[in-house]
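Heads up, the thing below is written out as structure tokens.
Just so it is clear, none of the values below were taken in a lab; they were calculated from the coordinates. Everything quoted here is computed from the prediction, not taken from an experiment. Counting neighbours? That spans all protein chains shown, and the Cβs are built from the backbone with ideal geometry, glycine included.
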Amino acid sequence: MIEFKAITKTYPDETALQAVDLRVESRELFVLVGPSGSGKTTLLKTVNRLVVPTSGQVLIDGEDVAAGDLQTLRQHIGYVLQSSALFPNMTVMQNAAVQLEALGWEKRKIQQRIEELLQLVDLDPMLYAQRKPAELSGGEAQRVGIVRALAADPKLMLMDEPFSALDPVSKRQLQGLILKLHKELDTTIIFVTHDMQEALRLADHMAVLHNGVLQQVGVPQAVIAAPANAFVADFFKDVIASQRTLAQVIAAGFGHAADNAATKILPSTTSIYSWAAAIKADPHLVVQVGEQQLMASDLIGYLATLEKEDTPYV
């Protein structure tokens, strides 16, 4: 578990963070989101002491990061930057193995570990291990950066807008990769982005920052359904406009009073896309939302009332 306790960071001409209190549970994918200059990257960097707070504490499993050895701290934290930051004169294998070399691993063990991770991120070691960074696409280079961050099997990984420079297709693919890795590995991930769609797709929980002040913390759909203030509502307004939830279906007059026919209970913040997926698996599904029940015909009726929209899946 990572705890930020009253984290403040001031510079001569600005205050980057103002008494931020936040907790990230072990093994969750936690996203820090906000506009440029909101303080999200500054907060992220306090974890591995690339930024030292003016006041406050960062605790990892109850231990203050400022109290221990800096090198030891960073050896146990994976870190993925906005660019892959690969050494141009080194091969993929050499770049990915930098931390393991520093830890004194034997060469055979290093090769085995890196080959295993390359396969995990869908890079065939036979094809990629001996390539130089100039021979990689942007997405491939970021996959190597992820391998390097995972090499020493860290329990915590920090990711600072790692996909912001990629094309939409590569970005979507790597988001899927991170979700897969998070599911398969016993790793806590703190992920920084200013892309609201990316935050909604990835986050178990998210924190919204603005001008160094924590605005709201919650699961993505809860933040969308109930913004804490005008800033959060405005920041997510385009996403909110594209979201369709069961609460909106009921508000539009669909559904009927609950009886005993419901086969599944869903929260009102559930998207209609999740509902549609459930109906695909069971066309006769009846769901209960609060005191109302909905069935497949309600979904069809609701969709028929909507104007044609280019609504992205999240």
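Before moving on, here are some points about what is shown:
- Cα-based shape type of the stretch 64-130, given that a ≥ b ≥ c are square roots of the gyration tensor eigenvalues and the cut on a/c is 1.5: prolate
- Which of His194, His256, His284 has the fewest Cβ neighbours within 10 Å, and the rest in rising order: His284, His256, His194
- Seen from every direction in turn and averaged, the convex hull around the alpha carbons of the stretch 115-202 projects onto 5.6 nm².
- Between helix 107-120 and the chain there is an angle of about 20 degrees, using the helix long axis and the longest principal axis of the Cα atoms.
- Across all Cα atoms of the stretch 13-163, the radius of gyration (one decimal) and Dmax (whole number) stand at 16.8, 51 Å.
- Once the Cα atoms are used to define both axes, helix 168-184 deviates from the longest principal axis of the chain by about 80 degrees.
- Contour excess over end-to-end distance, with Cα ends at Asp167 and Lys264 and 0.36 nm allotted per residue: 31.0 nm
- Tilt relative to the chain, helix 296-305 - C-alpha long axis, 0 to 90 degrees, to 10: 90 degrees
- Estimated FRET transfer efficiency (Thr15, Ser36; beta-carbon r; R0 22 Å; 0.05): 0.85
- Here is the size of the chain from its Cα atoms: Rg then Dmax, 22.2, 68 Å.
- Per-residue Cβ neighbour rank within 10 angstrom, fewest leading, Ser268, Ser38: Ser268, Ser38
- Label point distance in nm, His284-Glu135, each placed 7 Å from Cα along Cα→Cβ: 5.9 nm
- Spin-label model, Val98/Asp234: points 7 Å from Cα along the beta carbon direction are separated by 4.0 nm.
- Sorted by Cβ neighbour density within 10 Å, fewest at the top, the residues Met196, Met295: Met295, Met196
- Other residues within the sphere of radius under 15 Å centred on the Cβ of Ala296, judged by their own Cβ, net out at 0 (K and R +1, D and E -1).
- Between Ser83 and Glu291, the C-beta separation translates, for a Förster distance of 41 Å, into a calculated FRET efficiency of about 0.20.
- Shape box of the stretch 246-305 [Cα atoms, principal axes, largest first, Å]: 28, 24, 19
- The charge dipole of the stretch 2-240, taken about its Cα centre with unit charges on the Cβ atoms of Lys, Arg (+1), Asp and Glu (-1) only, comes to about 300 debye.
- Spin-label pair Lys107/Val52, simplified geometry with 7 Å Cα→Cβ offset, distance in nm: 4.0 nm
- Computed FRET value (nearest 0.05) for Glu116 with Gln71, which takes r as the C-beta separation and R₀ as 25 Å: 0.50
- Stretchable slack from Ala276 to Met90, in nm (0.36 nm times residue separation minus alpha-carbon distance): 62.1 nm
- For the stretch 116-160: rounded, prolate or oblate by the Cα gyration tensor [a/c cutoff 1.5]: oblate
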